[in-house]
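A short reminder: the numbers here are calculations on the coordinates, not readings from a lab. Worth saying up front: this structure is predicted, and the values here are computed from it rather than measured. Don't worry about glycine lacking a Cβ; one is built from the backbone with ideal geometry, like all the others, and counts go over all protein chains shown.
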């Protein structure tokens, strides 16, 4: 099912993200993970793309399994940096042949800045969105940073680029993780004021290990609130307590979002099905499912 259709009603939609195995690693663990996550009745499940396209073939395999074997809507990530249009066409046809209807269009990580600067192919996510929409029939999502993309000068520039993505045909937006809901609410106000009207899916990351914090800062530019830093400081040497505290913090974020009318929530699971299950169990009445 197309995600733009899923998000078109006023119901609560909770989705999950997983990443495929690296080359040379067995596929069974990730298939077991997505099978467990599928039992949670997600609105959809997204499958990430390897750095510089490093696990793109596995993205299709995992996404195909979710869609065709588990009958769960899936969202396949696709990046354009380092890929020619011929490369992209090959991947897009492969996705289509596997009945995958939804793509999250991303620029991708720049490995070689000199090569990127001189590249004649697609350079930005907005160009990838336009290319897909002009040549294929996919539902296309875009990504955004509530706390400003690390390469943007300021938030106004960031939002202008999001408006461009919408103008190029993006059907919805998924945010990077954030840990302070007030930042998200302020971002949404600015987004809507700028004319970005497509659905926004709020990204939540349950931090269950303090070692994740440094990487999170690098990836999302997210501010870590002092109240969460206190949690990390208190439980950093107690693995089980840290996991429980991280799940509770994420649940509190999600409940606050839902209470304030946010119906589209995406959970970054880090391939941990038990974390996804615990979150859904904690909110079983809210999400109207029994586990």
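Observations on the structure shown:
- Once the gyration tensor of the Cα atoms in the chain is diagonalised, the equivalent ellipsoid follows with semi-axes of 28, 23, 20 Å, ordered largest first.
- Across 231, 265, 254, mean-square fluctuation computed from a Gaussian network of the chain (C-alpha pairs under 10 Å connected) peaks at 231.
- Taking a ≥ b ≥ c as the square roots of the eigenvalues of the Cα gyration tensor, region 67-180 is classed as oblate, since a/c reaches at least 1.5 and a/b does not exceed b/c.
- GNM on the chain, alpha-carbon springs under 10 angstrom: the most fluctuating residue among 204, 37, 258 is 258.
- Residue among 26, 199, 150 with the largest mean-square fluctuation in a Gaussian network model of the chain, springs linking Cα atoms under 10 Å: 26
- Rounded to 5, percent antiparallel among DSSP beta bridges of region 3-287: 0 percent
- Computed [θ] at 222 nm, helices only, for the chain once each DSSP H run of length n ≥ 4 contributes -39500 (n - 2.57): -13500 deg cm²/dmol
- For region 187-242 versus region 117-156, the gap between their alpha-carbon centres in whole angstrom: 23 Å
- Per-residue packing, averaged as other Cβ atoms within 10 Å, sorts the ranges 210-219, 100-109, 79-88 into the order 100-109, 79-88, 210-219, beginning with the highest.
- Cα-based shape type of region 138-237, given that a ≥ b ≥ c are square roots of the gyration tensor eigenvalues and the cut on a/c is 1.5: prolate
- Calculated log₁₀ intensity ratio I(q)/I(0) where the Debye formula runs over C-alpha points of region 123-183, q = 0.19, 0.22, 0.26 Å⁻¹: -0.71, -0.88, -1.10
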